[in-house]
Structure formats: C-alpha cells, structure tokens
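Inspection log for the structure reproduced underneath, given as structure tokens.
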Amino acid sequence: MSETSPPETSPAPTAPPPTPPESPPVPAPAAVSPPPEAAPPARAEPGGDLTVLQDQVSDLTSRYEQARSEAATAQQRLNQLVAARAVGLPDVLADRLRGEDEQALSQDASAVLAAVTALAAAQAPAAAPAPAPVAPVRPVESLRPASPVGDSVPVQDTPEQIARLVWGKK
C-alpha cells in the first residue's frame, strides 16, 4: 500500500507593505523669534475694531433684553396656569387672569370661578323631574338549556361535530 500525502500548499505571496508618502523636508528651527508686538489699544484705530465691538455689544444687549422679556412673559403665564389649576379653572381661562404676583392671580382666579359658576347656574335649563325608576328588564338573549345528564345525548366534542353544531353543516 502506498500512502499518498496531500499536495503541499505554499502560502500565497503577499505584496510588500506600502511605503508612506514622502513628506516635505522640515525646515530647521530658526533662532527664537521675538514675540509679536502687543496689539495697539482699540482707541488707536478710529472706526476699526472699536466700532465692531460696539456693534457686538449693542446686538448682545438687545438679544439679552429680548430673552429677559420672553422669560418674564413665560413666568407670568406659568403663574396664571398655577393659579387657575389651584382653584379648578380650565387652562383656557388662565389667560384671562390678571395680577402682578401669585396671590393676586389666585384671588382673581377665585373671582373668575365664582362668576363662571354663577353664570352657568343662571343659564342652565330647568332641571327635568327625575324619571320614575324602571324595573330591570331581562335580557333578550338567553342561554340554551343544559344538555340532559346521561348517555341519552351523545357528546359532540370533535371539530367536525362542533362545526356541524355551529354552522349547521352535515
């Protein structure tokens, strides 16, 4: 018997690793250069950087005032909603509340609630007399009577028998 050995496989040749691209030569460090001269004060150049800075300050100031106004409006709206919910007013009526602080808003909310309640009571139609109590009515549907006990009625529990009972197919 001769044994055959599997053919030997040699690893596939690999490409040499890529070489990094050549970088430009780095210049030799020069002697320490003196630090750049300090920038002249903003007043030295009329109409230059000072005007730009003044424009930025005025823009930021106006944006600050706008944000502050929006925050005050949001805080007032929050106080109105808190006062309205505290007395049970719906949120749509919270905009109607007037006052500078939470106490004034809650007093106004109480007054608005009293006015709305009185107005609703005055405009409500006269209540109809309560209907006489009616005896409960038996449901129209009724259940099938239970099957008699014993062997007189065969048990129908196979799918075919149940389908026949449900859909009336034979």
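Summary table below
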item	result
Those residues of segment 81-103 which are under 15 Å from ALA115 (Cβ atoms) and either touching a strand residue (DSSP E or B) at 6+ places or on another chain (Cβ under 6 Å) or part of a loop (DSSP other than H, G, I, E, B) (or both), in sequence order	GLY88, LEU89, PRO90, LEU97, ARG98
Pairs with Cβ under 9 Å, 6+ apart, first in segment 50-64 and in a helix (DSSP H, G or I), second among the hydrophobic types (A, V, I, L, M, F, W, C)	LEU50/ALA42; LEU53/ALA42
Number of the condition not met by LEU78 [criteria: (1) among the hydrophobic types (A, V, I, L, M, F, W, C); (2) assigned to a helix (DSSP H, G or I); (3) modelled with pLDDT under 90]	(3)
Residue satisfying all of: in segment 124-170; of a type in the set (S, T, N, Q) and modelled with pLDDT of 80 or more; surrounded by the fewest Cβ atoms within 10 Å (Cβ to Cβ) among these	THR158
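One line per residue, one yes/no per condition, for (1) open to solvent by 100 Å² or more (accessible area, probe 1.4 Å); (2) modelled with pLDDT under 55:
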residue	(1), (2)
VAL32	yes, yes
PRO40	no, yes
GLY48	no, no
SER69	no, no
ALA83	no, no
GLY88	no, no
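The values are calculated or read from the model by the stated rules, or taken from the named source; none is laboratory data. Because the structure is a prediction, the values reported are computed rather than measured. FYI the Cβ positions are ideal-geometry reconstructions off the backbone, even for glycines, and counts take in every protein chain you see. The protein model used for the area step is the full one, side chains on, heavy atoms only, and it has no ligands, DNA or RNA in it. Shrake-Rupley method; radii C 1.70, N 1.55, O 1.52, S 1.80 Å.
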